[in-house]
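Written below as structure tokens is the structure these notes are about.
The values are calculated or read from the model by the stated rules, or taken from the named source; none is laboratory data. Note that the structure is a prediction, hence the values are computed from the model and not measured. Methodologically, a virtual Cβ is constructed for each residue, glycine included, from the backbone with ideal geometry; neighbour enumeration extends over all protein chains shown.
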Amino acid sequence: MKKNVIEVKNLEKYFEVSGGFFSRKKTTVKAVDDITFEIPFGESLGLVGQSGCGKTTTARALCLLDPKTGGEVNFFNNETSSMQSIDELEGEELKKFRRNIQMIFQDPYESLNPRWTIKDIILEPLNIHNIGDLDEREEAVSEILQTVGLTPPENYMPRYPHELSGGQRQRVSIARTLIMKPKFVVCDEPTSMLDVSIRISIMDLMLNLAKDLEVSYLYITHDLAVARYMCNRIAVMFNGKIVEIAETEELLNNPVHPYTKRLISSIPVPDPSYDRKVYDINFEELDSLIEKYGSDKPMIDIGNEHYIATHDVKGII
Amino acid sequence: MEENFNQDLQKELRREAIKRNWQLFKQSKLGMIGLYIVIFFLFLALLQPFLFLTGIWNKGVYDPVVGYEPIKDTLLVVECPKEYPTEKYESYQDCPAKGEVNVKKLYMAPGVEVGDMYETFIQPAPPSRRHILGTDSLGRDIFSQIMEGSQVAFILGLLSATLGVGISTILGTIAAFFGGKIDAYLMRQSDLILMLPSLPLLFIISAFAELKVWHLAVVLGVLGGLGGSVITIKSQALQVKVKPFVDSARITGGSNMKILFSHVLPNVAPLALLFMVFSVTGAIASESVLSFLGLLNIDMSWGIMIYLSQTDGFIFSGMRYWWLILPAGLAVTFLAGGFYLVGRGLDDVFNPRLRKR
Amino acid sequence: MSKDVLVVKDLNMHYETLAGNVSAVKNVSFSVKEGESFGLVGESGCGKTSVAMSLLQLQADNAKISSGSISLDGIEMVGMSESELRKVRWDGISIVFQGAMNAWNPVVKVGEQIREAIREHYPNNTKNENTEKIESLFKMVDLDSSIMDRFPHELSGGMKQRAVIALALSCDPKVVIADEPTTALDVVIQDQILKEIKKVQELLGLSLIYISHDIAVIAEMTDQMAVMYAGSIVEIGPTDQVFSNPKHAYTRLLLESTPSVVGEKKKLRSLEGEPPSLIGEENGCSFSPRCPDPSDKCKSGNSEMGLIEVADGHFADKCCVECG
């Protein structure tokens with residue numbers, strides 16, 4: 001049995017939206033509706049879907065940026081070696097817990113304070129948690145800059161973000177994230193704003209760091225090809241719900257849910273001689289599987305740790 | 001060793017950043033003109049104490065408030081006719097002409113008759129070598145008054161602007177950051193202040209309390225600080241608040257106060273500085289309006305100079321006594337304009353979008 | 001063999017900035033045949049969009065075309081007056097912009113905006129003729145004709161992009177430039193838009209210039225392609241040829257650094273370093289600092305630049321071909 005670093009159960013995030021200017025009626029938007037997944041230590045899960053499907057809302061709820069409205073998030077507690085619900089945390093304990101979950105943002109131009117030097121930016125987490133004395137902190141910054149490939153570190157520490165290129169900035173974000181030695185990092189499309197030529201080096205860096213530092217990622221992206229490169233498992237999200245979740249290759253080669261099929265078949269292939277497989281978007285396979293395994297559960301296991309959602313999606317895909 | 005290298009590099013980078021910003025500012029012609037004007041008036045403000053201290057100027061003669069120098073002139077006593085034109089005078093305005101005095105003005109001096117030469121002190125005296133901008137109706141040196149006035153303008157403008165921007169930055173950031181009831185209260189308050197016409201309000205304040213320069217600076221600062229600039233600073237702070245780097249600090253566990261002071265405030269500061277420079281303009285203009293209306297208890301300022309020329313009845317005499325009105329009026333216009341232009345120049349530095357490539 | 005519609009020869013364009021001249025387009029030559037689709041690929045800042053803007057003569061105020069020629073159907077466009085350009089612009093060559101979301105005036109109905117463009121070029125058309133025309137355009141891009149009476153904000157991203165395509169086609173252009181028309185869109189909608197563009201292109205026999213940073217999209221969309229790096233074309237040729245037998249190190253790296261959902265999962269190669277600054281003059285190969293295996297000649301900056309033919313119709317940068 002694998003140890004999980006994080007377990008998410010029936011996570012919900014609803015927003016109340018007031019109807020119109022004069023209307024008092026409020027409608028509820030289910031941005032994230034009943035999603036469940038877990039990530040074992042050292043593995044990465046890709047969360048893939050169209051924009052507006054609730055990927056980023058999930059990420060923000062997991063990082064405790066916006067409070068969730070329902071469900072449970074359990075995190076592996078190192079001290080007690082058991083899973084602990086994050087709802088139980090308060091005050092100092094919560095602050096301490098925050099070390100374990102970090103987030104890398106999409107836009108390297110906006111995720112670093114433009115008025116701070118790189119050194120101060122990377123030091124901030126250490127300062128907040130008051131870790132080590134000044135020399136040790138400086139040493140840690142210099143070390144982490146080398147780890148993310150910004151060498152020599154003395155050249156980067158006194159600089160400001162705008163003096164660096166997009167790729168370098170994203171490396172700084174990664175350094176800042178990893179200086180707390182978190183076990184779980186949420187990545188919100190960290191390479192989508194970067195150029196193709198730089199993208200792979202950032203992705204490789206993140207993969208290597210995951211291996212060396214035993215970090216698990218929740219990797220959010222709209223690009224299945226990127227998710228395939230980065231993740232062991234992929235969860236496909238649609239309309240606030242996870243519709244299919246499986247090992248990466250299993251999902252790509254053997255998609256069941258019509259939305260997954262549609263997503264896969266719309267990705268262009270960098271090979272002019274390759275004719276894209278066009279899946280029939282029909283519900284027959286899904287329906288027969290639901291019939292076989294029963295429709296009483298929200299997700300059914302069809303073998304190979306391949307789960308599909310049973311809720312009705314006809315008419316909205 | 002490495003530490004030193006680091007600090008040196010940091011210093012050098014900072015110097016470079018300042019240099020780059022200065023280059024950008026220099027690009028703006030308007031900003032540079034404004035800067036020259038401000039420097040010119042700053043020079044005037046500092047020149048006066050220097051002249052007094054070194055004894056180049058005698059306090060008795062050149063003091064802007066109590067200085068006096070008798071300037072004597074010999075005038076021909078004439079009687080102005082009732083009807084014009086005459087051979088000698090075209091219109092009512094022409095009598096008495098230069099070097100003449102109307103006999104009716106001399107009713108206090110016994111035994112003076114038309115045709116006599118009469119020795120008198122002339123005030124206001126036109127510009128001369130000793131008084132390069134002349135003297136006012138009480139015999140005080142105008143140039144010295146202008147210098148004194150620029151001291152007042154700088155103190156008033158900078159003090160009220162600093163105070164105002166300080167208040168609005170803190171309140172605006174708090175409103176943006178905490179939202180909810182605090183925000184609602186602060187916004188209604190600034191709506192109220194925006195809605196109140198500020199000049200009549202100042203009349204009322206000055207009716208109840210004696211207004212000196214410092215008081216006026218505080219009143220203008222508080223009014224400006226609680227008014228519209230809170231709304232603008234708040235909107236800027238709102239933009240900063242949703243930036244990922246703020247989220248990132250929060251995920252790491254940063255407290256609200258820490259995020260407020262280390263992330264939000266520094267990013268609002270450039271806009272606040274810009275506001276400050278612009279509000280100096282407003283403060284200088286308000287001072288001269290209030291002084292002109294006689295509502296301020298100030299010994300000397302540009303507004304007071306114009307006020308005095310008006311109460312002494314010289315303001316409608318056209319260009320005849322130009323040195324009483326023009327220098328003070330131009331000084332107000334130029335210094336206020338100068339600060340405005342500096343603000344425009346700074347705008348180019350802080351708002352990259354306005355920048356020409 | 002169909003004839004060349006658009007011929008660009010030795011185009012040079014630079015931006016005048018405070019820091020100096022930025023040479024955004026250097027000696028770019030290519031031609032587009034009738035009914036052919038031509039892809040222009042490269043990373044941001046490589047000059048793709050500058051080429052597009054030069055083709056339309058819509059470049060920024062501080063941009064100067066220093067030399068070269070752009071001829072559309074045999075008519076030289078460089079040096080044309082503004083009024084002549086206005087005629088050529090929408091019915092000779094038109095563009096589907098990068099930020100399609102911002103291409104619309106928010107307070108004017110979509111149909112009205114397209115009508116305006118048509119009126120400019122066909123002043124004699126009656127209102128009904130124009131309406132029919134817009135209806136047929138909308139049909140072509142799978143939009144309902146009721147969309148005409150909608151305001152831009154009432155449309156979804158995909159619908160807006162379709163309408164932008166309709167706008168680009170409104171004056172029957174010979175050449176359409178698509179400048180990253182799908183960057184802001186989701187994969188699913190991107191796929192629909194790509195299919196739409198392809199369908200329309202084949203239907204109308206248009207020449208298409210497709211600009212993208214995504215080599216996978218270029219692979220799907222184009223017959224001919226050019227790879228741009230630091231303002232120059234480093235490799236140009238038939239798309240299958242370039243993909244199956246890339247000659248330039250940069251092209252190879254681009255191909256090897258693009259993840260795919262099909263085929264074996266393979267280790268991708270990353271490209272180290274940053275693209276060069278385009279300010280000022282430079283000598284030799286601009287790619288050599290990032291080249292994984294530059295020759296000594298290339299490193300020393302003495303290599304001769306220029307394209308040489310490596311296969312039928314397939315050209316690559318001389319320096320890099322010689323490197324091996």
Of those in region C:181-196 that are closer than 19 Å to residue C:49 by Cα and among the β-branched types (Val, Ile, Thr), the residue surrounded by the fewest Cβ atoms within 10 Å (Cβ to Cβ) is C:183
Within region A:244-264, of all residues that are facing chain C (nearest Cβ under 8 Å) and free of Cβ contacts under 8 Å to residues at least 60 places away in the same chain, the one surrounded by the fewest Cβ atoms within 10 Å (Cβ to Cβ) is A:249
In region B:157-207, anything crowded, with 18+ Cβ neighbours inside 10 Å and aromatic (Phe, Trp, Tyr) is listed as B:177
Inset, instruction - State whether the residues of region B:122-129 include one that is touching a residue at least 40 places away in the same chain (Cβ under 8 Å), among the polar types (S, T, N, Q) and within 24 Å of residue B:308 (Cα to Cα). - result: yes
Residues of region B:87-106 being exposed (fewer than 13 other Cβ atoms within 10 Å of the Cβ) and out of contact with any strand residue (DSSP E or B) (no Cβ under 9 Å at 6 or more places or on another chain), in sequence order, are B:87, B:90, B:91, B:92, B:93, B:98, B:104
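Results for (1) more than 16 Å from the chain's Cα centre (by Cα); (2) touching a residue at least 24 places away in the same chain (Cβ under 8 Å), shown as yes or no for each residue.
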site	(1), (2)
C:57	no, yes
C:62	yes, yes
C:68	yes, yes
C:76	yes, no
C:79	yes, no
C:104	yes, yes
Among (1) assigned to a helix (DSSP H, G or I); (2) in contact (Cβ under 8 Å) with a residue 12 or more places away in the chain; (3) not polar (S, T, N, Q), residue A:93 falls short only on (2)
Taking the condition assigned to a helix (DSSP H, G or I), modelled with pLDDT of 85 or more and surrounded by 21 or more Cβ atoms within 10 Å (Cβ to Cβ), does residue B:251 pass?
-> yes
When restricted to C:52, C:60, the only residue small (Gly, Ala, Ser) and part of a loop (DSSP other than H, G, I, E, B) is C:60
Among (1) farther than 18 Å from residue C:208 by Cα; (2) of a type outside the set (Phe, Trp, Tyr); (3) in a strand (DSSP E or B), residue C:78 falls short only on (3)
Of the residues in region C:246-278 that are among the charged types (D, E, K, R) and closer than 22 Å to residue A:149 by Cα, the one that is farthest from the chain's Cα centre (by Cα) is C:267
Quiz prompt | Flag if residue B:270 is closer than 30 Å to residue A:104 by Cβ, surrounded by fewer than 20 Cβ atoms within 10 Å (Cβ to Cβ) and in contact (Cβ under 8 Å) with a residue 12 or more places away in the chain | solution = yes
Of the residues in region A:90-104, those that are at the interface with chain B (Cβ under 7 Å from one of its Cβ atoms) and either of a type in the set (Ser, Thr, Tyr) or over 18 Å from the mean Cα position of the chain (by Cα) (or both) number 1
Of the residues in region C:1-42 that are within 12 Å of another protein chain (Cβ to nearest Cβ) and of a type in the set (S, T, N, Q), the one that is nearest to residue C:200 (Cα to Cα) is C:37
Of the listed residues (A:117, A:56), the one being closer than 30 Å to residue A:151 by Cα, at pLDDT 85 or above and within 13 Å of chain B (Cβ to nearest Cβ) is A:117
Looking across region A:63-89 at residues that are assigned to a loop (DSSP other than H, G, I, E, B) and within 22 Å of residue B:248 (Cβ to Cβ), the single one that is farthest from the other protein chains (Cβ to nearest Cβ) is A:68
Restricting region C:105-159 to residues that are of a type in the set (Asp, Glu) and assigned to a helix (DSSP H, G or I), the one nearest to residue C:189 (Cα to Cα) turns out to be C:154
| task | State yes or no: is residue A:281 within 30 Å of residue C:214 (Cβ to Cβ), within 14 Å of chain C (Cβ to nearest Cβ) and surrounded by 13 or more Cβ atoms within 10 Å (Cβ to Cβ)? | result | no
request  = Examine region A:211-222 for a residue that is outside any helix (DSSP H, G or I), away from chain C (no Cβ under 11 Å), over 21 Å from residue C:193 (Cβ atoms) and more than 25 Å from the chain's Cα centre (by Cα), and state whether such a residue exists.
outcome  = no
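Each row is one residue, and each column tells you yes or no for (1) crowded, with 22+ Cβ neighbours inside 10 Å; (2) in a loop (DSSP other than H, G, I, E, B); (3) more than 8 Å from chain B (Cβ to nearest Cβ); (4) at positive phi.
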residue: A:106; (1), (2), (3), (4): no, yes, no, no
residue: A:112; (1), (2), (3), (4): yes, yes, no, no
residue: A:123; (1), (2), (3), (4): no, no, yes, no
residue: A:128; (1), (2), (3), (4): no, no, no, no
residue: A:145; (1), (2), (3), (4): yes, no, yes, no
residue: A:154; (1), (2), (3), (4): no, no, no, no
residue: A:171; (1), (2), (3), (4): yes, no, yes, no
residue: A:186; (1), (2), (3), (4): yes, no, yes, no
Flagged in region A:121-169 as closer than 22 Å to residue A:204 by Cβ, in contact (Cβ under 8 Å) with a residue 24 or more places away in the chain and not hydroxyl-bearing (Ser, Thr, Tyr), in numbering order, are A:122, A:144, A:145, A:148, A:149, A:150, A:164, A:166, A:167, A:169
Of those in region B:107-121 that are among the aromatic types (Phe, Trp, Tyr) and surrounded by 10 or more Cβ atoms within 10 Å (Cβ to Cβ), the residue nearest to residue B:306 (Cα to Cα) is B:121
The residue that is nearest to the other protein chains (Cβ to nearest Cβ), considering only those in region A:188-210 that are farther than 23 Å from residue A:137 by Cα and aliphatic (A, V, I, L, M), is A:200
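The rows are residues; the columns are (1) free of Cβ contacts under 8 Å to residues at least 40 places away in the same chain; (2) in contact with a strand residue (DSSP E or B) (Cβ under 8 Å, 6 or more places away or on another chain); (3) more than 28 Å from residue A:223 (Cα to Cα); (4) buried (at least 22 other Cβ atoms within 10 Å of the Cβ).
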position	(1), (2), (3), (4)
C:226	no, yes, no, yes
C:261	yes, no, no, yes
C:270	yes, no, no, no
C:279	no, yes, yes, no
C:288	yes, no, yes, no
C:309	yes, yes, yes, no
query = Could we say that residue A:199 is crowded, with 23+ Cβ neighbours inside 10 Å and within 25 Å of residue C:46 (Cα to Cα) here?
reply = yes
